[in-house]
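Here the structure comes first, spelled out in structure tokens, and everything after it is commentary.
The values are calculated or read from the model by the stated rules, or taken from the named source; none is laboratory data. Because the structure is predicted, anything quoted here is derived from the model rather than measured. Here the Cβ positions follow ideal geometry from the backbone for every residue, glycine too, while neighbour counts run over all protein chains shown.
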Amino acid sequence: MELALSSFVGVLVAAGVYLLLRARTFDVILGLTLLSYAVNLLIFSMGRLVVGKTPILREGLAPTLAGHADPLPQALVLTAIVIAFAMTAVLLVVAIRSRSDSGSDHVDGIEPRDGGKP
């Protein structure tokens, strides 16, 4: 399971970096979103991948990590998801406004030389 998850995180990071290096604003926003997903999965996997263990203390179980899942990475990922959603919404609004003002969705604001085709 750890190999599959780490491979998936690596693929998300590679795709995110590739999209960040593109010249279009939507590709950059999508790349940032993929990178945030990769970071969320990485943080979530730091809390040990366990099945069937509760993150909340219960009576009868020792208050150690041997009987429970670590709740801190889960709380961090939940917070990061909310922040990433807000960041994506703001970036989309800025990209749409930039496109309407400049007439182009290129990151550097320069039109390509071949008549506007990417």
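Of all the listed residues (L65, L61, L20), the sole one being modelled with pLDDT under 90 and touching a Gly at 6+ places or on another chain (Cβ under 6 Å) is L61. Taking the conditions (1) surrounded by fewer than 17 Cβ atoms within 10 Å (Cβ to Cβ); (2) without any contact (Cβ under 8 Å) to a residue 60 or more places away in the chain; (3) assigned to a helix (DSSP H, G or I) in turn, E59 satisfies each one other than (3). Here L42 meets each of (1) in a helix (DSSP H, G or I); (2) touching a Gly at 6+ places or on another chain (Cβ under 9 Å); (3) free of Cβ contacts under 8 Å to residues at least 40 places away in the same chain with one exception, condition (2). Taking each residue of the range 3-27 that is within 17 Å of S45 (Cβ to Cβ) and looking for partners that are of a type in the set (S, T, N, Q) and surrounded by 15 or more Cβ atoms within 10 Å (Cβ to Cβ) with beta-carbon atoms closer than 7 Å, six or more apart or interchain, yields L5/S45.
The rows are residues; the columns are (1) modelled with pLDDT of 85 or more; (2) within 29 Å of E2 (Cβ to Cβ).
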| residue | (1), (2) |
| --- | --- |
| T33 | yes, yes |
| V50 | no, yes |
| L76 | yes, yes |
| T79 | yes, yes |
| I96 | yes, no |
| V107 | no, no |
| K117 | no, no |
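Does A66 qualify as being free of Cβ contacts under 8 Å to residues at least 12 places away in the same chain, closer than 23 Å to L41 by Cβ and loosely packed, with under 12 Cβ neighbours inside 10 Å? Considered against the rule, which asks whether it is free of Cβ contacts under 8 Å to residues at least 12 places away in the same chain, closer than 23 Å to L41 by Cβ and loosely packed, with under 12 Cβ neighbours inside 10 Å, A66 comes out as no. Number of residues in the range 1-29 that are assigned to a helix (DSSP H, G or I) and touching a strand residue (DSSP E or B) at 6+ places or on another chain (Cβ under 9 Å): the value is 1. Each residue in the range 69-109 was checked for being farther than 21 Å from L20 by Cα, surrounded by 14 or more Cβ atoms within 10 Å (Cβ to Cβ) and over 19 Å from the mean Cα position of the chain (by Cα), and 2 pass.
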